[in-house]
Amino acid sequence: MTAATAFPLRGLRGAGFTLLELLVAIAVAALLLTAVPPMLSRGYDAMAYRTAVRELMAGLKGARRAAMETGRSVAFVVDTAARRFGTEDALNGELPAALQVRLIVADREIDSAERGAIRFYPDGGATGGSIQLLRPGGSGVRLRVDWLLGTVSQEAPEP
């Protein structure tokens, strides 16, 4: 067998890409590279919002449960300036910078203009209040704590 029969050169003329095909492929890749980052950013913001809502709900319910289990009052603190939240012992939760936070609490639970608390009592009650988380577009959620029962609910934010 000779080299000419082992590797025939016929039919190789159309085996590569044309310049036009390469330009189209590069244009499609460029479009994807410009469209994907904004979509990822919106996805990340939505994920951070949902995580913050989940962590706040869990923190409020955990503070209520701790008050009932320990037999002493437990304050759930939100510091809007430092963008932190948690029980008075440890502010270990963090609020995303993109969210606007509004805090409505009892007068006696306000430490400063940026820091307030919702206090839960051993009988299951609370001082009551609400925490609003608003996205840059204006949509969001209001986490409301009932003062009589101490239950935590999620509802549409106040305008």
Whichever residue in segment 105-159 is surrounded by 15 or more Cβ atoms within 10 Å (Cβ to Cβ) and basic (Lys, Arg) and, among such residues, is modelled with the lowest pLDDT = Arg135
remark   = How many residues of segment 106-132 are among the basic types (Lys, Arg) and either closer than 13 Å to Ala63 by Cα or in contact with a Lys or Arg (Cβ under 6 Å, 6 or more places away or on another chain) (or both)? The answer is 1
key: Long-range neighbours under 8 Å by Cβ, at least six apart or interchain, first residue without any contact (Cβ under 8 Å) to a residue 12 or more places away in the chain within segment 74-85, second surrounded by fewer than 20 Cβ atoms within 10 Å (Cβ to Cβ) and polar (S, T, N, Q)   = Arg84/Asn92
request  = Give the residue that is surrounded by the fewest Cβ atoms within 10 Å (Cβ to Cβ), with candidates limited to residues of segment 26-50 that are touching a residue at least 12 places away in the same chain (Cβ under 8 Å) and closer than 26 Å to Ala90 by Cβ.
outcome  = Ala48
query = Assuming Leu91 fulfils every condition listed in (1) more than 25 Å from Tyr44 (Cβ to Cβ); (2) part of a strand (DSSP E or B); (3) of a type outside the set (S, T, N, Q) apart from one, which condition is it?
reply = (1)
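What strands (runs of 3 or more DSSP E) completely inside segment 99-152 contain at least 3 residues that are within 24 Å of the chain's Cα centre (by Cα) and not hydrophobic (A, V, I, L, M, F, W, C)? If you could, list the steps in order and put the result at the bottom.
On the way: elements: 100-105, 110-112, 115-120, 129-134, 140-145.
The strands (runs of 3 or more DSSP E) meeting that bar are 129-134, 140-145.
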ask   = From Leu19, Leu23, which residue is over 30 Å from Leu99 (Cβ atoms), modelled with pLDDT under 95 and surrounded by fewer than 10 Cβ atoms within 10 Å (Cβ to Cβ)?
value = Leu19
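Test Val53 against the criterion of being assigned to a strand (DSSP E or B), surrounded by 13 or more Cβ atoms within 10 Å (Cβ to Cβ) and within 15 Å of the chain's Cα centre (by Cα), and give yes or no. So that I can check it myself, show each step before the final result.
Numbers: assigned to a strand (DSSP E or B): no; surrounded by 13 or more Cβ atoms within 10 Å (Cβ to Cβ): yes; within 15 Å of the chain's Cα centre (by Cα): yes.
Taking the combined requirement at face value, the residue does not satisfy it.
Within segment 56-77, is even one residue among the hydroxyl-bearing types (Ser, Thr, Tyr), modelled with pLDDT under 85 and part of a helix (DSSP H, G or I)? Talk me through it step by step, then tell me what you get.
First, pick out the residues of segment 56-77 that are among the hydroxyl-bearing types (Ser, Thr, Tyr): 70, 73.
Filter once more, keeping what is modelled with pLDDT under 85: none.
The answer is no; no qualifying residue exists.
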inquiry  = On the basis of being within 15 Å of Ser130 (Cβ to Cβ), exposed (fewer than 12 other Cβ atoms within 10 Å of the Cβ) and either out of contact with any Lys or Arg (no Cβ under 6 Å at 6 or more places or on another chain) or not small (Gly, Ala, Ser) (or both), does Asp89 make the cut?
reply    = no
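The values are calculated or read from the model by the stated rules, or taken from the named source; none is laboratory data. Remember, predicted model here, so these are calculated numbers, not experimental data. Glycine gets a Cβ as well: all are built from the backbone with ideal geometry, and neighbour counts include every protein chain shown.
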